[in-house]
Amino acid sequence: MTNNRRTSLILIGIFFILSIYPLFAYLGNYVLHIWDEGLYAASAAELTQTGNIFVRTFNFKPDMWVTKPPLGLWLQAISIEVFGLNEFAVRFPSAVAAVLTGIIIILFAGKLQRPFIGFYAALILILSKGIIGWYHVCRSGDYESLLLLFVTTYILCFYLYCYFKKNVYLLIFFIALTLAVLTKSVQALIPMPALFLYALYKKDVLRILKSRTFYWGILIFVLLVGTYYIGRELQNNGYLKAVWNEELGGRFNHTIDGHKHGFGFYFEKLYQYFSSYFIWILPVAIALNWFVKSKSDNKALSLLRKDLSIYTFGTAIVYLLIISCAKTKLEWYNIITLPLFAIFIGIALERIHFFIKERTNKVLPFVFMIALFSYPALKAVNSVQELKNFDTNWDTKRVNRFYIMKRIANKELPYQNLKVILWGDKEWDNNYDSFFYFYIMREKGVNLTYRNLISDVQVGDTLLVNEPRTMAIIDSLFAYEVLLSEYDNRIISIQAKK
């Protein structure tokens, strides 16, 4: 075993140990977040019952709102089968994906004989606010963490292919690209123009086009992705039209669900998600990577650092520019850039690491490393520690209903025969992110049924009501007894019609 390989494996082991607490501790201690996480969890729970791997369902009907491919859904369903119907199972695939992303970065840097670049980058990544402090990524049941893993993998493998000229990296590139698209559809393709520009810069386009592996890769991509989309359309007529409306022309050309922001939105959010700590290292990294020459570095190492810094920084900027042109802007779309900026900074930190080592001893570089990461690590530990006895989250009024449902399921509240009001034709409206907890309640033996519209309510019903507008209508139509009242949530017993 070479020294470089041994160092890479040691750094992977250290990273794995360091990542366990910030990514896995108390992962199931808090309820699902409103909107997407609740919806994805409900669909995964339904998959464990239906076994239909092609058609995503919601309330056991084809879901034409969430049109994403099924890889994230499949992994969550497998996790639920292993760990049970709970929040930990829903979030476990995301946390694992975050660890694997860090490991991939270290392996990538190790292939370039610079494993400490990867180690610094991996630590920056898992300690960034956008990774562990933002509800939509690595400690969440959303799909961003899985997307991050596969997109990071294909971006780094493309660089390795251009650097080593080995077809195996091109093949892995296409496999990771396929998995990324099967996770979040077209969003996985957004970095591709940056990779094309890099291939032009390196004069590799013609060589790529002459490679048989390139066409085998395209075949793999088309077969796997095409099989899913065509198979889903055959089972669920109108699916491809829904994909166009929700993911392709719809989101890019039109503002959906009020997510309208200015062109600079993602650049402003970069400061918030990369944390105010690491973002200030970025100018130092720019200076060291592009403008400050080291007399001790050989020419090949200097060229590698410069080339890799151009690739990572350039890909991140191109990606930001593309998503900034879209009409619909969501905060978590720029998460893809964090590994790239982390590697860019890691290049500079590795240079400082060896500068200290060459002029002092082998111990001081690690003192530098500990000093550098102590503050963000402490912040990360405190952030996770707050979840230990977590009994609410950022939107108390909305998610309090989830805690009520869990208490009912756990027999902490006596209401074991309940009806839930669903609104009209859009039966997910205002309750769609509660369905996961409906399924938990049913699994625990609660007799739970739905009432569509207020007209279906009957005298003698015990209702779980989550919306003030619903209560206002009930108040005008029925006499009732309030059994439980917390925030906007009520459990009431219908006594008579007015």
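The values are calculated or read from the model by the stated rules, or taken from the named source; none is laboratory data. Since we're looking at a predicted model, the values are computed, not measured. Because the Cβ atoms are built from the backbone with ideal geometry, glycine has one as well, and the counts that use them run over all protein chains shown.
The table below gives the values:
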read-out: VAL459 vs. criteria assigned to a strand (DSSP E or B) and either at pLDDT 90 or above or in contact with a strand residue (DSSP E or B) (Cβ under 6 Å, 6 or more places away or on another chain) (or both); value: no
read-out: Considering residues of the stretch 161-192 that are farther than 18 Å from THR227 by Cβ and polar (S, T, N, Q) only, the residue nearest to the chain's Cα centre (by Cα); value: GLN187
read-out: Residue selected from the stretch 188-221 under the condition among the aromatic types (Phe, Trp, Tyr) and out of contact with any helix residue (DSSP H, G or I) (no Cβ under 6 Å at 6 or more places or on another chain), by the criterion nearest to ALA316 (Cα to Cα); value: PHE196
read-out: Tally, over the stretch 469-498, of residues that are part of a strand (DSSP E or B) and within 13 Å of VAL457 (Cα to Cα); value: 9
read-out: In the stretch 89-145, residue farthest from ILE17 (Cα to Cα) [restricted to those that are of a type in the set (S, T, N, Q) and not in a loop (DSSP other than H, G, I, E, B)]; value: SER145
read-out: Test result for LEU338, within 17 Å of the chain's Cα centre (by Cα) and buried (at least 20 other Cβ atoms within 10 Å of the Cβ); value: yes
read-out: Wholly enclosed helices (runs of 4 or more DSSP H) of the stretch 337-413 bearing at least 2 residues closer than 30 Å to GLU443 by Cβ and modelled with pLDDT under 90; value: 396-409
read-out: Qualifying residue in the stretch 62-70 (condition: in contact (Cβ under 8 Å) with a residue 60 or more places away in the chain and among the polar types (S, T, N, Q)); value: yes
read-out: Residue among ILE492, ILE454 that is of a type in the set (A, V, I, L, M, F, W, C) and at pLDDT 90 or above; value: ILE492
read-out: Single match in LEU303, LEU270 (criterion: assigned to a helix (DSSP H, G or I) and crowded, with 16+ Cβ neighbours inside 10 Å); value: LEU270
read-out: Filtered residue count, the stretch 225-239, keeping only those that are under 17 Å from VAL66 (Cα atoms) and exposed (fewer than 15 other Cβ atoms within 10 Å of the Cβ); value: 5
